[in-house]
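Okay, structure first, notes after.
The values are calculated or read from the model by the stated rules, or taken from the named source; none is laboratory data. Bear in mind the structure is a predicted one, so any value in this text is a computation, not a measurement. Here the Cβ positions follow ideal geometry from the backbone for every residue, glycine too, while neighbour counts run over all protein chains shown.
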Amino acid sequence: MQERRTSYYLKKLSQYKSLDALAFLYKNLYKMANYIVRQEFINKCYYLNYNKVQKLLQSGADYQAIPGKVSQQVLIILDKNWPSFFKL
């Protein structure tokens with residue numbers, strides 16, 4: 001019940017549409033980078049680190065649509081998430 005109220009109030013915010021659009025771009029960037037890292041790991045048994053993924057995606061539309069520092073932080077988060085997979 002509480003969750004429905006929260007989403008209702010969030011949609012009433014004046015900045016909701018712009019925040020929703022940015023969150024959509026962040027999600028796309030994260031998923032695209034994760035797909036590239038995963039495919040490289042599956043096919044070549046090689047892990048692409050942050051620097052290599054960043055160079056691959058730097059010219060992409062989603063990367064450029066988001067402010068530079070934020071795009072880098074999304075890729076840094078991905079780079080921190082992959083080592084936890086290797087610990088399993």
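Data table
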read-out	value
Residue pairs meeting the criteria (Cβ under 7 Å; at least 6 apart or on separate chains; first more than 19 Å from Y63 (Cβ to Cβ), in region 9-25; second modelled with pLDDT under 75)	Y16/L10
Enumeration of residues in region 36-64 that are under 15 Å from L22 (Cα atoms) and surrounded by fewer than 15 Cβ atoms within 10 Å (Cβ to Cβ)	A61, Q64
Residue check, K80 at pLDDT 90 or above and either assigned to a helix (DSSP H, G or I) or in contact with a helix residue (DSSP H, G or I) (Cβ under 6 Å, 6 or more places away or on another chain) (or both)	yes
Test for S71: is it at pLDDT below 90 and out of contact with any strand residue (DSSP E or B) (no Cβ under 7 Å at 6 or more places or on another chain)	no
Region 65-88 residues that are closer than 11 Å to Q54 by Cα, paired with ones that are part of a loop (DSSP other than H, G, I, E, B) (beta carbon under 7 Å, 6 or more apart)	D79/N49
Residues being over 18 Å from D79 (Cβ atoms) and in contact with a helix residue (DSSP H, G or I) (Cβ under 8 Å, 6 or more places away or on another chain) - total across region 10-63	4
